[in-house]
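The values are calculated or read from the model by the stated rules, or taken from the named source; none is laboratory data. Everything quoted here is computed from the prediction, not taken from an experiment. Note that each Cβ is placed from the backbone with ideal geometry, even for glycine, and that neighbours are counted across all protein chains shown. The accessibility values were calculated without ligands, DNA or RNA, using every heavy atom of the protein model including side chains. Shrake-Rupley method; radii C 1.70, N 1.55, O 1.52, S 1.80 Å.
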Amino acid sequence: MATRVDALYFFLVGLTVFFSLLIAGLIVTYAVRFRRRTPDSIGARIHGGTMLEITWSVIPFLITMGIFVWGASVFFAMARPPDETLNVYVVGKQWMWKFQHLDGQREINELHVPVGRAVKLIMTSEDVIHDVFVPAFRVKADVIPGRYTHLWFEPTKPGTYHLFCAEYCGTRHSGMVGQIVVMEPNDYQTWLSGGAGEGSLASAGQKLFADLACNTCHRADAQGRGPVLQNLFGKTVELTSGEKVVADEAYIRESILNPHAKTVVGFQPIMPTFQGLVTEEQLLELIEYVKSLKQDTSNVTQ
Ligand code: CUA
């Protein structure tokens with residue numbers, strides 16, 4: 001995004017400089033040129049100038065609309081990640097950044113990503129509001145407890161980049177920093193394979209799913225007391241209230257912590273809450289497990 005953000009930014013700076021100089025220059029020029037030359041001289045009375053007024057209204061209008069359309073296009077590009085992204089979960093807490101790769105690698109205050117691939121961060125907080133800010137990538141987004149926010153970027157050059165928390169979050173807010181390490185794809189593969197062999201996030205979720213006995217109600221064969229989770233992620237779900245919602249990360253999280261908030265049509269509100277029983281990181285594992293049920297139906301026989 002850096003090129004696009006900078007282009008807009010420098011255009012705005014240039015525009016501001018141009019009009020500041022133009023207006024200041026005209027003020028000085030006219031003050032000198034039309035100054036009172038004799039003590040008894042009286043200025044001419046001038047009434048209206050329709051063409052002039054239309055001109056100085058229409059030109060700024062067109063310029064500001066241009067800025068609006070340009071700014072909106074950059075905003076939309078930042079808000080909409082491409083379809084294919086490398087997803088990394090981020091959990092902010094006082095005062096550190098925890099990164100969780102889908103393959104199971106965990107990192108603190110350091111995130112390794114490959115160059116040339118779109119990376120999407122799916123972020124939440126364990127305590128207060130934090131804010132991920134990577135100045136070199138020109139990206140920044142709040143990290144909010146109880147919600148998932150997203151941010152995406154595509155690193156174009158290997159290197160190490162600063163990561164800051166950009167929302168005052170307590171005593172050691174200024175120490176809540178880290179770095180993004182952008183690596184060549186081969187180095188990244190090496191780094192990945194050198195990581196902890198804890199298994200993927202989805203497999204950890206699958207284990208947790210069984211440990212918490214979720215599988216007794218959420219069965220794959222539609223005979224369970226809870227909705228089938230296979231191929232659920234990203235689909236639209238109809239609720240008993242008649243409302244329709246998309247089964248995204250936030251929906252799954254809410255359904256685990258506050259199951260009665262959105263009851264799926266055709267089911268009884270009998271699911272117990274798991275509030276306090278699962279951590280933010282375990283929630284991410286469960287979400288990733290539900291997502292994996294979308295792509296691959298072979299590992300859902302339990
Ligand atoms: Cu976290 Cu400031």
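Name every residue in the range 235-253 that is out of contact with any strand residue (DSSP E or B) (no Cβ under 7 Å at 6 or more places or on another chain) and either among the hydrophobic types (A, V, I, L, M, F, W, C) or closer than 18 Å to Leu293 by Cβ (or both), in order of residue number. Even if it seems obvious, please write down each step before you answer.
Restricting attention to the range 235-253, the residues satisfying the condition of being out of contact with any strand residue (DSSP E or B) (no Cβ under 7 Å at 6 or more places or on another chain) are 235, 240-243, 248, 250, 252-253.
Residues satisfying the conditions are Lys235, Asp248, Ala250, Ile252, Arg253.
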Quiz item: Within the range 133-146, which residues are open to solvent by 40 Å² or more (accessible area, probe 1.4 Å), touching a His at 6+ places or on another chain (Cβ under 8 Å) and within 12 Å of the ligand (Cβ to nearest atom)?
Solution: Asp142
Quiz prompt | Near pairs, Cβ below 8 angstrom, 6+ apart or cross-chain, from the range 129-150 (of a type in the set (S, T, N, Q)) to any residue that is open to solvent by 40 Å² or more (accessible area, probe 1.4 Å) | solution = Thr149/Asp142
Quiz item: Does Thr263 meet the test of being of a type outside the set (Asp, Glu), over 30 Å from the mean Cα position of the chain (by Cα) and at pLDDT 85 or above?
Solution: no
Quiz prompt | Matching residues, the range 56-104, being of a type in the set (Gly, Ala, Ser) and either within 16 Å of the ligand (Cβ to nearest atom) or surrounded by fewer than 16 Cβ atoms within 10 Å (Cβ to Cβ) (or both) | solution = Ser57, Gly66, Gly71, Ala72, Ser73, Ala77, Ala79, Gly92
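Test Pro39 against the criterion of being open to solvent by less than 60 Å² (accessible area, probe 1.4 Å) and in a loop (DSSP other than H, G, I, E, B), and give yes or no.
Numbers: open to solvent by less than 60 Å² (accessible area, probe 1.4 Å): no; in a loop (DSSP other than H, G, I, E, B): yes.
It is false that Pro39 is open to solvent by less than 60 Å² (accessible area, probe 1.4 Å) and in a loop (DSSP other than H, G, I, E, B).
Considering only residues that are assigned to a strand (DSSP E or B) and within 16 Å of the ligand (Cβ to nearest atom), look in the range 111-132 and name the one that is surrounded by the most Cβ atoms within 10 Å (Cβ to Cβ). Even if it seems obvious, please write down each step before you answer.
To start, the set of residues in the range 111-132 that are assigned to a strand (DSSP E or B) comprises 111-114, 119-125, 130-132.
Going one step further and asking which of them are within 16 Å of the ligand (Cβ to nearest atom), we end up with 111, 121, 123-125, 130-132.
On the way: Leu111: 22, Leu121: 25, Met123: 24, Thr124: 24, Ser125: 23, His130: 31, Asp131: 22, Val132: 24.
If we take residues in the range 111-132 being assigned to a strand (DSSP E or B) and within 16 Å of the ligand (Cβ to nearest atom), then His130 is surrounded by the most Cβ atoms within 10 Å (Cβ to Cβ).
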Quiz item: Before we move on, is Phe99 under 17 Å from Met78 (Cβ atoms) and touching a strand residue (DSSP E or B) at 6+ places or on another chain (Cβ under 9 Å)?
Solution: no
Self-check item: Boolean, Ala261 is open to solvent by 30 Å² or more (accessible area, probe 1.4 Å), closer than 22 Å to Met123 by Cβ and in contact with an Asp or Glu (Cβ under 8 Å, 6 or more places away or on another chain)
Solution: yes
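Name the residue that is farthest from Tyr89 (Cα to Cα), counting only residues in the range 180-202 that are among the polar types (S, T, N, Q) and surrounded by fewer than 17 Cβ atoms within 10 Å (Cβ to Cβ).
Residues of the range 180-202 that are among the polar types (S, T, N, Q), as a first pass: 186, 189-190, 193, 200.
Still in the running and surrounded by fewer than 17 Cβ atoms within 10 Å (Cβ to Cβ): 186, 189-190, 193.
Details: Asn186: 22, Gln189: 19, Thr190: 21, Ser193: 19 Å.
So, considering only residues that are among the polar types (S, T, N, Q) and surrounded by fewer than 17 Cβ atoms within 10 Å (Cβ to Cβ), the one farthest from Tyr89 (Cα to Cα) is Asn186.
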Self-check item: Search result, residues across the range 159-177 that are over 24 Å from Glu126 (Cα atoms) and surrounded by fewer than 16 Cβ atoms within 10 Å (Cβ to Cβ)
Solution: Gly159, Thr160
Quiz item: How do the pairs read when you match residues in the range 79-98 that are farther than 14 Å from Asp131 by Cβ and in contact (Cβ under 8 Å) with a residue 40 or more places away in the chain with residues anywhere that are among the aliphatic types (A, V, I, L, M) and within 12 Å of the ligand (Cβ to nearest atom), using Cβ under 6 Å and keeping only pairs 6 or more apart or on different chains?
Solution: Lys98/Val91
Quiz item: Among the residues of the range 159-203, which ones are within 16 Å of the ligand (Cβ to nearest atom) and of a type in the set (Ser, Thr, Tyr)?
Solution: Tyr168, Thr171, Ser174
